[in-house]
Amino acid sequence: MPRILIADDDAHMVRLLSIWFRQHGHDVVEARNGHQARQLLEDPNAPEPIDLIVSDINMPVCDGIALVKWLRNSARRHTPIILLSSRCDQMALMNQLSGLDVVIQPKPFSPSRLMGRIEHLLGKNATR
Amino acid sequence: MRDAQVHHDDHPDRTSPDAPPGIAAQVQALRKQIASAGGSGVAQLAVLQELDAALARLDAELALVLTEHQGMADELIKTYEQLGIVFEITRHLSAVRTEAEVLKLFLDSLTATYHQHWVALYTPEQLPLPNHAPGSAGAESVSAWVERIADLCRREHRVVVDEPDTPRGDASPARAGRGPAPPADLQQLMAAPVYSGDVFVAAILLGRSESARTFDSSDMLLLDSLCAFCGDLTRTFRLVTELDRLSIDMVRALVGTVDQKDHYTSGHSQRVGHYARLLGEELALDQHALRMLEWSALLHDIGKIGIRDDVLKKAGRLTEEEFAHIKEHPVRSFEVVRRIPQLADALDGVLHHHEHYDGKGYPSGLAGEQIPLQARIIQIADVFDDLTSTRAYRAAFNWQQALGILQQEAGTTVDPHLVPIFDRLTRRMRAGDAEARHETRRQGDDANATAAPLPPAQSGRPTGPAPQAMEADRVNDPSPREAMVEAAKAVDPDVTGDGSEDTARTTGTARRDNGADG
């Protein structure tokens with residue numbers, strides 16, 4: 001069962017996405033910011049590795065962009081990551097994330113659309 | 001027996017802040033009971049039994065709360081879904097240019113959401129007429145059923161959900177090919193109409209097979225909202241297209257009135273617009289350039305409204321003063337069109353359509369590539385229409401003769417690079433089929449390319465002719481018009497070039513041979 005890490009400081013969004021992903025047969029771990037996400041990703045005692053990350057951009061301590069940059073240099077560099085971005089982030093994102101392997105999902109998004117992209121990324125990665 | 005007291009002071013004296021009030025009260029009451037329980041085993045047992053029962057009640061309530069919670073989460077997710085789709089469509093709207101693209105955008109969006117379903121569109125032409133009887137006796141084929149449901153949603157202006165209740169028969173041959181072909185194993189169909197105001201545009205259908213879950217009210221709501229949104233957008237597109245068509249039709253009509261001051265020039269501007277547009281398309285100009293070219297060509301002679309009738313219609317030779325007066329018309333046209341900010345990109349052709357490739361034109365004496373392309377295109381079209389039209393002083397040339405004259409004038413009056421292109425397209429046009437092709441392309445263009453409104457005004461436009469002296473002595477030079485008649489004779493000895501043998505008349509009335517005058 002694929003494991004998805006959700007990182008967002010908005011507790012309601014985390015809860016909602018968690019329910020949605022579980023309904024679709026995925027296991028979910030939750031983080032409130034990029035720092036917690038990193039801890040979860042690096043946790044040696046984790047029963048299963050994390051297969052995909054869905055992260056908001058604006059989070060305290062460590063935001064989504066920093067998370068991606070760290071991720072692509074870490075041992076977990078091949079983990080697919082989707083960043084949820086609000087409209088005003090768009091331009092800044094293009095600059096900061098150029099060259100990095102990351103998927104941007106604008107908000108508001110349709111959950112089924114997001115799920116489609118997740119399945120696609122998980123499917124692609126499974127062949128690695 | 002020692003008191004089996006629960007060390008309740010280790011726990012905060014309240015429940016989680018998220019717990020519903022009823023539960024909080026129950027837990028409070030229980031804790032008080034535990035705290036006040038006496039030391040005897042019997043009393044403690046009673047408390048434990050009470051606890052047990054209370055926990056069971058709490059458990060049941062919690063289950064209810066969780067179910068509610070789950071239900072609300074589902075509702076929230078569905079709402080997010082609808083919102084997300086609407087926003088996704090809106091994000092893509094800026095790239096949409098035609099009504100067909102609007103429908104496609106909605107269909108694509110629906111297909112992405114319902115990726116395991118059958119998604120289809122029924123246009124008005126594909127639906128049965130009102131008094132059409134349903135299919136033959138016996139099992140209704142899948143296609144017939146789908147068609148019937150699509151028609152039903154159209155007639156009743158609402159979302160329809162239906163299952164086939166007759167056993168599936170084979171698709172009846174009469175039905176095949178009318179609309180999109182549905183899969184044979186459709187278990188349920190949902191259909192909603194797209195209306196632009198009162199006009200039916202299309203029916204959008206969603207079909208599921210056995211393996212997918214049943215359509216519920218949120219599916220219906222989603223399809224309904226999308227079709228309503230789609231209908232509103234289509235209506236806006238149609239309004240804009242109509243407005244655009246209205247403005248261009250209005251200009252054609254008004255421009256026609258100027259042409260009609262002299263009945264020899266009636267229809268001239270429209271024809272020049274037509275030829276210019278064809279040449280522009282042949283040159284693969286982009287949509288904006290084509291539109292501006294057409295506007296420019298339509299309006300190039302609007303300034304003639306300020307030219308005195310006696311001069312405009314004079315059959316004999318023009319005096320120097322009269323000729324100078326005629327030569328004002330590009331500037332006059334320019335002054336008119338300059339007032340319309342959206343037509344800033346149409347000014348070049350209006351002002352410079354009488355420049356000559358060799359620099360001996362007016363008003364600015366521009367030469368070669370200095371002359372804006374728009375002007376060079378209109379000039380060729382202008383000359384061609386003039387040559388192929390009857391004038392007071394001569395009969396019309398036929399199109400072959402006119403092309404020959406253009407060849408002779410290449411490099412002096414007209415652009416030598418454009419002449420062969422115009423020649424090629426004119427021959428193709430006259431071969432017969434191009435007229436029909438142009439008509440359909442025109443209609444298609446009206447519906448599609450003119451859906452965009454006139455562009456916003458731009459700054460930095462030419463403010464007028466260069467302050468060079470107008471070539472007032474031009475009128476004394478031997479008219480290139482004479483040379484053109486000679487050239488035409490070289491091509492076709494039967495050419496007379498005018499209604500009479502009076503070549504002096506030909507020379508003197510050079511002023512109306514737009515682009516060919518001295």
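Miscellaneous remarks
- Being within 14 Å of chain A (Cβ to nearest Cβ), in contact with a helix residue (DSSP H, G or I) (Cβ under 8 Å, 6 or more places away or on another chain) and either open to solvent by less than 70 Å² (accessible area, probe 1.4 Å) or farther than 27 Å from A:SER18 by Cα (or both) is a property that holds for B:SER109.
- Subset of region A:90-108 (residues that are under 25 Å from B:TYR80 (Cα atoms) and either loosely packed, with under 11 Cβ neighbours inside 10 Å or away from chain B (no Cβ under 14 Å) (or both)): A:MET91, A:LEU93, A:VAL102, A:VAL103
- Restricting region B:294-347 to residues that are open to solvent by less than 40 Å² (accessible area, probe 1.4 Å) and among the charged types (D, E, K, R), the residue that is nearest to B:VAL272 (Cα to Cα): B:GLU294
- Residue match in region A:20-38 (condition: touching a residue at least 24 places away in the same chain (Cβ under 8 Å), under 19 Å from A:GLY123 (Cβ atoms), open to solvent by 50 Å² or more (accessible area, probe 1.4 Å) and within 14 Å of chain B (Cβ to nearest Cβ)): yes
- Here the condition is being over 26 Å from the mean Cα position of the chain (by Cα), under 30 Å from B:LYS78 (Cα atoms) and part of a helix (DSSP H, G or I); of B:LEU226, B:LEU221, it holds for B:LEU221 alone.
- Listing of helices (runs of 4 or more DSSP H) fully contained in region B:277-334 that carry 2 or more residues being at pLDDT 85 or above: B:287-299, B:320-326
- Residue among B:GLN44, B:GLN49 that is buried (at least 17 other Cβ atoms within 10 Å of the Cβ), more than 27 Å from B:LEU222 (Cβ to Cβ) and away from chain A (no Cβ under 14 Å): B:GLN44
- Residue in region A:76-86 that is within 14 Å of chain B (Cβ to nearest Cβ) and modelled with pLDDT under 85 present: yes
- Consider region A:109-123 and keep the residues that are within 13 Å of chain B (Cβ to nearest Cβ) and hydrophobic (A, V, I, L, M, F, W, C). The one that is nearest to A:ARG3 (Cα to Cα) is A:MET115.
- Members of region B:52-88 found to be within 30 Å of A:PRO106 (Cβ to Cβ) and open to solvent by less than 60 Å² (accessible area, probe 1.4 Å), listed by number: B:GLY71, B:ALA73, B:ASP74, B:ILE77, B:GLU81, B:GLN82, B:GLY84, B:ILE85, B:VAL86, B:GLU88
- Those residues of region B:112-126 which are among the hydroxyl-bearing types (Ser, Thr, Tyr) and within 14 Å of chain A (Cβ to nearest Cβ), in sequence order: B:THR113, B:TYR114
- Within region B:246-264, being in contact with a Leu (Cβ under 9 Å, 6 or more places away or on another chain) and open to solvent by 20 Å² or more (accessible area, probe 1.4 Å) holds for B:SER247, B:VAL251, B:ARG252, B:LYS261.
- Conditions (1) open to solvent by 60 Å² or more (accessible area, probe 1.4 Å); (2) within 12 Å of chain B (Cβ to nearest Cβ); number of the one not met by A:ALA126: (2)
- Residue tally, condition under 20 Å from B:THR67 (Cα atoms) and crowded, with 20+ Cβ neighbours inside 10 Å, over region A:1-15: 0
- Of all residues in region B:382-400, those that are in contact (Cβ under 8 Å) with a residue 40 or more places away in the chain have Cβ atoms under 7 Å from Cβ atoms of residues that are of a type in the set (Gly, Ala, Ser) and part of a helix (DSSP H, G or I), 6 or more apart or on another chain, in B:PHE384/B:ALA402; B:LEU387/B:ALA402; B:PHE397/B:ALA488.
- Looking only at region B:76-95, residues that are in contact (Cβ under 8 Å) with a residue 60 or more places away in the chain and either out of contact with any Pro (no Cβ under 6 Å at 6 or more places or on another chain) or more than 11 Å from chain A (Cβ to nearest Cβ) (or both) come to 6 in all.
- Identity of the residue in region B:348-374, among the acidic types (Asp, Glu) and buried (at least 18 other Cβ atoms within 10 Å of the Cβ), that ends up nearest to the chain's Cα centre (by Cα): B:ASP348
The values are calculated or read from the model by the stated rules, or taken from the named source; none is laboratory data. What you see is a predicted model; the values in this text were computed from it and never measured. Please note: Cβ atoms are built from the backbone with ideal geometry, for glycine as well, and neighbour counts cover all protein chains shown. Ligands, DNA and RNA are excluded from the accessible area calculation, which covers all protein heavy atoms including side chains. Shrake-Rupley method; radii C 1.70, N 1.55, O 1.52, S 1.80 Å.
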